[in-house]
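The structure appears right after this line, and notes come after that.
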Amino acid sequence: MKSETDQQLPKINFSGLVIGTSEWNAVRAEVITALNIYGTFEAVYDPLLDPKLREQVFKKAITDLFDLPADVKSLSATYHSKLYVPNVEAFFIYEENKQSIPSFTALMWPQGNTHFCETMERYVEALKELDQMIKKMIMEALGVEDKHYDEMIQKTEYSLSASHYKTEEDHKDDHQYMGSHTDPTVITIVGQDELDGLEVLIKSTGQWIRPAPYCFIVLVGDSMEALTNGRMQATSHRVVKNKNNSRRYETLFMSIAAKGFIIQAPSELIDETQPASTI
């Protein structure tokens, strides 16, 4: 595979769209083209790009969380002090039907932390809106939206995790934090702070591309590949040290199959040449 380049990913703007309009249809075409050629794209959505919200999420809420004492962080069953490798720690801040943001906030800050709670709730709501627009466009493009979009939403649940990649001075190890992999999700939306580190494999060229910092990258997961019966392929990606060797924060907003549900392609997408795949 070719090495990382400074080539740019497609940038697609979802701001202000209304379902069924010519603008919506044009963006849908951009999404499908980007996923077919690149397997990924950078999403632009005004509620997420609000400078105040970005500052509150990455410069205040998440840094405050990871700066808590180790004994406090360990109160969360979702906390990992050595995620994949020793220099990465992570939390699940939100898990639909399991852990609300207010309950997580109360666990970490028994005295209360209104800023953290309200900031992360606003952040999750904007990510949900973006995720559901992307899913709807994919289902429309495949001609199965009328029958299967609502069912897909019902069969998936959302979660938000935050990761802290420590500095070179904290730990000296290999170049990669995490090797090439795909996610078991339907869709993953990666939010980066002002430092880069994510790399995605472009399926049409075999090149690794490092997206710009302070952006939101949409990745197709294994469940979406199964749901579309291979028409959308899961995005291979990896995490490497950022060029500045500085502390880096990242959020992952994931939609996953709800417990007890099987992700399976609609019958309209199954034929003799392309049998059903499931997860």
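The values are calculated or read from the model by the stated rules, or taken from the named source; none is laboratory data. Values in this document were obtained by computation on a predicted structure and should not be read as measured data. For neighbour counting, all protein chains shown are included, and Cβ atoms are generated from backbone atoms with ideal geometry for every residue, glycine included.
Some observations on this one:
- Picking from residues in the range 206-227 that are over 16 Å from the mean Cα position of the chain (by Cα) and farther than 21 Å from Glu129 by Cα, the one that is surrounded by the fewest Cβ atoms within 10 Å (Cβ to Cβ) is Gly206.
- Filter pass, Ala234 being modelled with pLDDT of 85 or more and not in a strand (DSSP E or B): yes
- Residue match in the range 3-21 (condition: under 23 Å from Arg210 (Cβ atoms), among the polar types (S, T, N, Q), at pLDDT below 95 and not in a loop (DSSP other than H, G, I, E, B)): yes
- Meets criteria (at pLDDT below 90, closer than 25 Å to Met137 by Cα and of a type in the set (S, T, N, Q)) for Gln176: no
- Scanning the range 144-165 turns up at least one residue that is under 23 Å from Trp24 (Cα atoms) and either in contact with a strand residue (DSSP E or B) (Cβ under 8 Å, 6 or more places away or on another chain) or outside any helix (DSSP H, G or I) (or both).
- Test: residue in the range 47-68 that is under 22 Å from the mean Cα position of the chain (by Cα), outside any helix (DSSP H, G or I) and surrounded by fewer than 18 Cβ atoms within 10 Å (Cβ to Cβ): yes
- Complete set of residues in the range 17-46 that are of a type in the set (D, E, K, R) and either in contact with a Lys or Arg (Cβ under 6 Å, 6 or more places away or on another chain) or loosely packed, with under 14 Cβ neighbours inside 10 Å (or both): Glu23, Glu42, Asp46
- The set of residues in the range 182-205 being acidic (Asp, Glu) and over 14 Å from the mean Cα position of the chain (by Cα) consists of Glu194, Asp196.
- Lone qualifier among Lys136, Lys203 - being at pLDDT below 90, out of contact with any Pro (no Cβ under 7 Å at 6 or more places or on another chain) and over 27 Å from Tyr79 (Cβ atoms): Lys203
- Test set (1) of a type in the set (S, T, N, Q); (2) buried (at least 16 other Cβ atoms within 10 Å of the Cβ); (3) not in a loop (DSSP other than H, G, I, E, B) - Ser76 fails condition number: (3)
- Residues that are within 16 Å of the chain's Cα centre (by Cα) and without any contact (Cβ under 8 Å) to a residue 40 or more places away in the chain within the range 129-160 comprise just one, Gln132.
- Counted residues, the range 237-265 - those being at pLDDT 75 or above, assigned to a loop (DSSP other than H, G, I, E, B) and surrounded by fewer than 22 Cβ atoms within 10 Å (Cβ to Cβ): 5
- Boolean, Phe104 is crowded, with 19+ Cβ neighbours inside 10 Å and part of a strand (DSSP E or B): no
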